[in-house]
Amino acid sequence: MEVKKLTAYLLCEKFNVSIYEAVDSRYKTTRYKDVVVIDLEDDEQIVLFRYGVIVCWNIKYENLKFFQDFIHSHMILELEDMIIEEFIYQEGEAFKIQQDVLSFDDHSILFRIAIAHTLAQNVKLELFEKHIEQSIEENATIPNQLALDGKIKLSKKEVAQKIGQLFLVKSKINLHYDLLDTPDFFWEYSEYEIYYEKMTKYLDLRARVEVLNKKVEVIQEILDMLSNEQKHKYSSFLEWIIIILIAFEIVMNIVDHIV
């Protein structure tokens, strides 16, 4: 039985709007809302998502390389290390997933889009997980410092920078969080949602999204901690200014009295 490769690539943060016109000018394409299906040769198809993902059905290496070079100028914030998820698929009597092997007898474009949606969400979620895990690891010493010393050993500028970095990670996830919801595609083609749900369950997307939410809460707690520390540092600064001014006034009064 012939097996073929199914691969999802997260290439960048997103593609610019001109990507649609570009692929239309070069390839035979079919568009479903914000999803573009690109037909190459024989059974080769690419499903392109505006949020930086392409899902490739049975694409030869040289065709994939040419396509990536072709769309390179339309990438926004290209990733240094693209995220890749690989499966293989084959002809079967019914839809089945086992050990990253898909079996099915439906070869329609709509079926492929339904499967591609799950794989695209999977690699996007993997990027979010990577960002937030890295942020938590980088800031893991902050609660320890507070517990041991009662204060955070960072300057006001460093605290402000940490707040900015954490806020960027949190806001990036929140702004793109809707990408992890059930796609609008299934409002119109609800009969294909069953395949999407089965793939979602296989990839454990729902549970991973819940874990991601918990980690976002941890980021928020660290943000609150840093914000409180920044307020404390500012309050301490004001207190010292007031103390110095009072001391100066007392000294001046003493000098005036002596004189």
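The values are calculated or read from the model by the stated rules, or taken from the named source; none is laboratory data. Quick caveat, the model's predicted, so the values are computed rather than measured. All Cβ positions, glycine included, derive from the backbone under ideal geometry; neighbour counts span all protein chains shown. Calculation scope for accessible area: heavy atoms of the full protein, side chains included, ligands and nucleic acids excluded. Shrake-Rupley method; radii C 1.70, N 1.55, O 1.52, S 1.80 Å.
Here is how the numbers come out for the structure above:
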| item | result |
| --- | --- |
| Separation of the residue 107 and residue 172 label points, Cα + 7 Å toward Cβ, nm | 4.0 nm |
| Translational diffusion coefficient (Stokes-Einstein; Kirkwood radius from C-alpha pairs) of the chain at 20 °C, 1.002 mPa s, in µm²/s | 98 µm²/s |
| Which listed pairs, of 130/172; 14/130; 65/130; 172/198; 60/96; 14/201, have C-alpha distances above 21 Å, in listed order | 65/130; 172/198; 60/96; 14/201 |
| Probe 1.4 Å, protein heavy atoms only - accessible area per residue of the chain in square angstrom | 58 Å² |
| Charge context of residue 5, other residues only, Cβ under 13 angstrom, K/R +1, D/E -1 | -4 |
| Stokes-Einstein translational diffusion, the range 26-101 - Kirkwood Rh over all Cα pairs, 0.692 mPa s, 37 °C, in µm²/s | 232 µm²/s |
| Spin-label model distance (nm) - residue 28 vs residue 256, 7 Å beyond Cα toward Cβ | 9.5 nm |
| Ranked order, 208, 26, 50 - accessible area, probe 1.4 Å, largest first | 26, 50, 208 |
| For the range 39-189, diffusion coefficient by Stokes-Einstein and Kirkwood Rh (Cα), 37 °C, 0.692 mPa s, µm²/s | 175 µm²/s |
| Residues residue 51 and residue 141, FRET efficiency given R0 of 41 Å [Cβ-Cβ distance, rounded to 0.05] | 0.80 |
